[in-house]
1. Among the residues of segment 61-74, is any buried (at least 19 other Cβ atoms within 10 Å of the Cβ), within 28 Å of P185 (Cβ to Cβ) and not aliphatic (A, V, I, L, M)?
2. Of the residues in segment 154-193, how many are of a type outside the set (A, V, I, L, M, F, W, C) and farther than 18 Å from G93 by Cα?
3. Find the residue count for segment 107-121, including only residues that are more than 15 Å from the chain's Cα centre (by Cα) and surrounded by 15 or more Cβ atoms within 10 Å (Cβ to Cβ).
4. Just need a number here: residues in segment 162-173 that are surrounded by 15 or more Cβ atoms within 10 Å (Cβ to Cβ) and over 10 Å from the mean Cα position of the chain (by Cα).
5. Considering every residue within segment 133-147, establish whether at least one is within 16 Å of D65 (Cα to Cα) and assigned to a strand (DSSP E or B).
6. Do we have V188 as loosely packed, with under 15 Cβ neighbours inside 10 Å and touching a helix residue (DSSP H, G or I) at 6+ places or on another chain (Cβ under 6 Å) here?
7. Six or more apart or on different chains, Cβ atoms under 6 Å: show the pairs whose first residue is in segment 173-184 and in a helix (DSSP H, G or I) and whose second is of a type in the set (F, W, Y).
Amino acid sequence: MLFRLPRCLRTGLAAAIFLVGAGLAPVAIAVSVDNDLPATKTPVAAGERTGSAKPDISKIVQADDLSAMVGIALGYGDAELSTVEDGDPVIVGEINGVAYQLFFLNCAGDHTGCTIMNFYAIWDVQDVAIDAVNRFNRTQPFNKAYLTPDNLPVVELNLSTVGGMTRGQLDDAFERWTIALAEFPREVLGETR
């Protein structure tokens, strides 16, 4: 079977949008004209085109840098830092109207050095078809969905934070989570037993 990219990814516009979104935009050419000199072409860096500095996507962010984590989360919706009963940190947020928690797990006794980030969302909807949950799991390699003992649907995304993550990796994780929070209700919650 021959693999072929989806049509939207085979077009130049989609590739440009993808590159710009990933911070990998090709260098643009700015043309300046002076009355006494011929037009010259000067390379312009991507951040300079907009006049706003883009975050360094290659910078390593440690899970202990909770202000940076909240800052990234705020780029996707509402978010605030809290703690769970044992004192470990959690970010409580909302993306496109869907509530979620981002738990920091496997932490040291002083609630630092957490090695797992666990994105978690639960819906107060019963009678969800287990076949729909299983179908979601088969098509979502980064997410895990299940029903609680009370038959409430849950979706999670887990990441290792050992050694930290780049800003680009964290943005990718939040993008995946944003998509999961949109797809899960549409694909799973509408199907009942």
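The values are calculated or read from the model by the stated rules, or taken from the named source; none is laboratory data. Since this is a predicted model, take the numbers as computed values, not measurements. For neighbour counting, all protein chains shown are included, and Cβ atoms are generated from backbone atoms with ideal geometry for every residue, glycine included. Just so you know, the surface numbers come from the protein's heavy atoms only, side chains and all, with ligands and any DNA or RNA stripped out. Shrake-Rupley method; radii C 1.70, N 1.55, O 1.52, S 1.80 Å.
1. no
2. Filtering segment 154-193 down to residues of a type outside the set (A, V, I, L, M, F, W, C) leaves 156, 158, 160-161, 163-164, 166-169, 171-172, 175-176, 178, 183, 185-187, 190-193.
Among the residues that remain, those that are also farther than 18 Å from G93 by Cα are: 160-161, 163-164, 166-169, 186-187, 190-193.
Count: 14.
3. Taking segment 107-121 first, the residues more than 15 Å from the chain's Cα centre (by Cα) are 107-116.
Imposing the further condition that a residue be surrounded by 15 or more Cβ atoms within 10 Å (Cβ to Cβ) reduces the set to 107, 111, 113-116.
So the answer is 6.
4. So the count comes out to 2.
5. Among the residues of segment 133-147, not one is within 16 Å of D65 (Cα to Cα) and assigned to a strand (DSSP E or B), which makes the answer no.
6. On the way: loosely packed, with under 15 Cβ neighbours inside 10 Å: no; touching a helix residue (DSSP H, G or I) at 6+ places or on another chain (Cβ under 6 Å): yes.
Against the criterion (loosely packed, with under 15 Cβ neighbours inside 10 Å and touching a helix residue (DSSP H, G or I) at 6+ places or on another chain (Cβ under 6 Å)), V188 does not qualify.
7. F174/Y76; R176/F142; W177/F119; T178/Y76
Matching residues to (1) among the polar types (S, T, N, Q); (2) open to solvent by less than 10 Å² (accessible area, probe 1.4 Å):
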| site | (1), (2) |
| --- | --- |
| A132 | no, yes |
| K144 | no, no |
| P153 | no, yes |
| S160 | yes, no |
| E175 | no, no |
